[in-house]
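Peer 1: What follows is a single structure, and I will ask about it in a moment.
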Amino acid sequence: MGRPLRPRLPRTPLDIAEMLGGVPLFASLSFEERELLARSMRPRKVRRGEPVFAQGSPGDALYVVARGSVLIHRTGRGGERRAMAVVEAPGSFGEIGLVDGSARSASVEALEDTDLLSLPRKDFLALLAAEPRMVQGVLRELGRTIRRLTEQVTDATLLDLPARVAKTLVRLVEVRRQADPRSEPVVALSQSKLAELAGGSRQSVNAALATLAARGLVQMDGRRVVVTDMAGLRQRAGLSG
């Protein structure tokens, strides 16, 4: 399978307004409202592996992924890292720190060369005050975050590592297909990043991938994992449907 083409980068306010229609946080706004919002956003480029912001830093902006992808992760007191989520284009992150005014609860780094659009906190709060539909969007995103964290805690207790790796692969493919239904079922994360997301060591995740490959559920292609049996992988992950 070939590598997917990078989507065209939205540059004009009209392009950005159209893209924001696919971001759950802004989907309820009219095109005209999204165009006004686009004029307040500032572009930012982040290279692969570079941080967007660090855990504990001020929550001064909300970010939209215009092209590329980022990894959200937390670092424990002992220095251990645990990945929480991958955000692909078009998606948003960083809204929690803007709502409560507290420091960032997690760090974010680019998984590839990534183009972001940032919305300053003052503009975000002004939009919340002026547009009640935005409040509903924020509540939906907070609810999704709570459900995701609850599911991660439950999975760590009830699922073995191969099942957690299978579930991580399914979720990553689903996230990419939400943005592009035609995208191939390929996960191009390093095994160390997969280990952070699945809650295991790199060596144990490598063994879990080998087990899934032996069952014909995935195929290894260098750094990439190609899902060859999505239905079987979902079953191994304990997912219905």
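Peer 1: I need the helices of the chain that pass two filters: whole DSSP H segments spanning 15 Å or more by Cα along the axis, and mean Kyte-Doolittle score no lower than 0.5.
Peer 2: Going by DSSP H runs, the hits are 202-214.
Peer 1: Which of the lysines could be linked to Lys193 by a straight reach, that is with a Cα gap under 28 Å, when you skip same-chain ones fewer than 8 residues away?
Peer 2: Hits, sequence-local ones excluded: Lys45, Lys167.
Peer 1: Which order do the peptides 136-142, 69-75 take when ranked by the mean count of other beta-carbon atoms within 10 Å per residue, highest first?
Peer 2: 69-75, 136-142
Peer 1: Can you compute the charge dipole magnitude of region 1-103 about its Cα centre, using +1 on each Lys and Arg Cβ and -1 on each Asp and Glu Cβ, nothing else charged? Give it in debye, rounded to the nearest 20.
Peer 2: Dipole size: approximately 680 debye.
Peer 1: Would you kindly state how much longer the chain becomes between Asp221 and Glu80 on full extension, computed as 0.36 nm times their sequence separation minus their alpha carbon distance, in nm to one decimal?
Peer 2: Extending this stretch completely gives an extra 47.9 nm.
Peer 1: Any idea what log10 I(q)/I(0) is at q = 0.13 Å⁻¹ for the chain, Debye with uniform C-alpha scatterers and no solvent?
Peer 2: Evaluating at q = 0.13 Å⁻¹ gives log10 I(q)/I(0) of -0.83.
Peer 1: If you don't mind, another one. Rounded, prolate or oblate, given the Cα gyration tensor of region 106-240, with a/c below 1.5 counting as rounded?
Peer 2: prolate
Peer 1: What percentage of the solvent-accessible surface of the chain, computed with a 1.4 Å probe over protein heavy atoms, is contributed by carbon and sulfur atoms?
Peer 2: In the chain, the share of accessible area belonging to carbon and sulfur is 53 percent.
Peer 1: How far apart, in nanometres, would the label points at Ser40 and Ala126 be if each is projected 7 angstrom from Cα along the Cα-to-Cβ direction?
Peer 2: Rounded to a tenth, the inter-label distance reads 0.6 nm.
Peer 1: Something else about it: Sorted by mean Cβ packing within 10 Å, highest first, what order do the peptides 196-203, 127-134 take?
Peer 2: Put in order of decreasing packing, that is 196-203, 127-134.
Peer 1: Mind putting a number on the dipole of the chain about its Cα centre? Charges go on the C-beta only, +1 for Lys and Arg and -1 for Asp and Glu, and I need it in Debye to the nearest 20.
Peer 2: Its charge dipole is roughly 520 debye.
Peer 1: Now, a different point. At Asp180 and Ser201, where each label point lies 7 Å from the Cα along Cα→Cβ, what is the point-to-point distance in nanometres?
Peer 2: 3.6
Peer 1: Here's another thing I want to ask about it. Among 40-52, 12-24, 164-176, what's the highest-first ranking by average C-beta atoms within 10 angstrom per residue?
Peer 2: Highest-to-lowest ranking by the protection proxy: 164-176, 12-24, 40-52.
The values are calculated or read from the model by the stated rules, or taken from the named source; none is laboratory data. Bear in mind that the values here come from a model prediction, so they are computed numbers and not experimental data. A quick note on method: Cβ atoms are made from the backbone with ideal geometry, for glycine too, and the neighbour counts reach across all protein chains shown. Side chains are part of the model used for accessible areas, which takes the heavy atoms of the whole protein and leaves out ligands, DNA and RNA. Shrake-Rupley method; radii C 1.70, N 1.55, O 1.52, S 1.80 Å.
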